[in-house]
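*Asks:* Mind having a look at this structure? Questions to follow.
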Amino acid sequence: MEQRHLGRTGLRVSRIGLGTLTWGRDTDEHDAADMLKAFWEAGGSLVDTADVYGDGEAEYLLGQLTDGLVPRRDLVISTKAGSVPDPDRRFDGSRGHLLAALDASLARLGTDYVDIWHVHAFDPDTPLEETLQALDLAVSSGRARYAGVSNFCGWQLAKAATWQLAAPGTRTRLASTQLEYSLLQRGVEREVLPAALDLGVGLLPSSPLGRGVLTAKYRHTTPADSRGASEHLAPFVAPYLDDTATRIVDAVQTAADGLAVTPLQVALAWVRDRPGVAAPIVGARNAQQLTAALSVEALNLPDEICRALDDVSAPVHRYPDHDWSTL
């Protein structure tokens, strides 16, 4: 699998990442082992997790499989901290919480360091410089090799990245940002992606297949074994089952038919090769699904197909996102 630099850093990652959102909950140790092995054998290196995935079970499971199944040195492990199970305060970006969460993550993962450590979300109740200092301390102590943020909007990312760049050698630059990005969700193109490109921050798209909808599995019905039929994941899929999404999925299916490939391959290749994207994070239910996603490595979409998909999925971007003089 092709490797890419993560933002403006020397770290190289596989251009498809493996997500572990369902590990320890919907994905058991056997399926997780099969997926990790298939991913590694395909040349994949970037594995993404978080301290809240499966209430910590995802990290624990990944730690159990590392070295015993796949050498730790071959993986680029990314985890996140900052989300908390508190209805009154969903995110805690305080230095104390973040560093304690990192130590707990390292214990579950069974490793001395993570390759990339992300703040899971912006915390409006904590000064941003305090949150970012936790990243500096994690890197300077060797507990994290690189640092990033997740779910930051455009101004939040720009402020954070600029703050870190203001003191080179003292503060660690942001290597990456992780947000949802797909043909069904192109909101990052308004301000996040331009900021990331300008500041040298690599984008790691989550849900690159539109929460599974871009595979076209929901075109006519909801499969009984799908996330859309799952009690706790159905609300996650539902927003992408509207008429607008249907029109985009139909276009993806048409492109796939014309290229003799699958809708999954078309949708994943589109987001993988967007400007600023380092590696989409793919979450699969089993090794068979993951192998289908990894088969995209050989596909490069023709320019005319990309333009057609761009047009049918184009978000409404007007003032001030576009030059006012053209409006």
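*Asks:* What part of the accessible area of the chain, given as a whole %, is carbon or sulfur when the probe is 1.4 angstrom?
*Replies:* Its accessible area is 50 percent carbon and sulfur atoms.
*Asks:* Would you tally the net charge around LEU99, using a Cβ to Cβ cut-off of less than 13 Å, leaving LEU99 out, and scoring K and R as +1, D and E as -1?
*Replies:* -3
*Asks:* From Cα coordinates alone, what are the radius of gyration and Dmax values for the chain in angstrom?
*Replies:* Spelled out, the Cα radius of gyration and Dmax of the chain are 19.2, 60 Å.
*Asks:* Okay, moving on. Give me the dipole magnitude in Debye, nearest 20, for the chain about the Cα centre, with unit charges on the beta carbon: positive for Lys and Arg, negative for Asp and Glu.
*Replies:* Charge dipole of the chain: 580 debye, to the nearest 20.
*Asks:* Helix-only mean residue ellipticity at 222 nm, the chain, DSSP H runs n ≥ 4 weighted -39,500 (n - 2.57), per residue, nearest 500. What is it?
*Replies:* -11000 deg cm²/dmol
*Asks:* Another question about this same structure. For region 127-196, divide the Cα radius of gyration by the Kirkwood radius and give the resulting Rg/Rh value with two decimals.
*Replies:* Taking Rh as the inverse mean 1/r over Cα pairs, Rg/Rh reads 1.01.
*Asks:* Taking the full set of protein chains and a 1.4 angstrom probe, give the accessible area of GLU2 in square angstrom, rounded to the nearest 10.
*Replies:* Its heavy atoms expose roughly 90 Å² to the probe.
*Asks:* What nm distance separates the two modelled labels at ARG247 and THR221, each placed 7 Å from Cα along Cα→Cβ?
*Replies:* Rounded to a tenth, the inter-label distance reads 2.8 nm.
*Asks:* Between rounded, prolate and oblate, where does region 62-201 land on the alpha carbon gyration tensor, with a ≥ b ≥ c its root eigenvalues, rounded for a/c under 1.5, else prolate if a/b exceeds b/c?
*Replies:* Rounded is the answer for region 62-201, as its axis ratio a/c remains below 1.5.
*Asks:* Can you give me the P(r) profile for region 38-130? Cα pairs, bins 5 angstrom wide beginning at 0, each as a whole percent.
*Replies:* 3, 14, 25, 22, 16, 10, 6, 4, 1
*Asks:* Using a 1.4 angstrom probe, figure out how much accessible area the chain has per residue, in square angstrom, rounded to the nearest whole.
*Replies:* Value returned for the chain: 44 Å² of accessible area per residue.
*Asks:* Pairs of Cα atoms under 8 Å, at least six residues apart: use those to get the relative contact order of region 248-314, whole percent.
*Replies:* 37
The values are calculated or read from the model by the stated rules, or taken from the named source; none is laboratory data. Just so it is clear, the model here is predicted, and its values are computed rather than measured. Ideal geometry is used to build each Cβ from the backbone, glycine not excepted, and the neighbour counts take in all protein chains shown. Side chains are part of the model used for accessible areas, which takes the heavy atoms of the whole protein and leaves out ligands, DNA and RNA. Shrake-Rupley method; radii C 1.70, N 1.55, O 1.52, S 1.80 Å.
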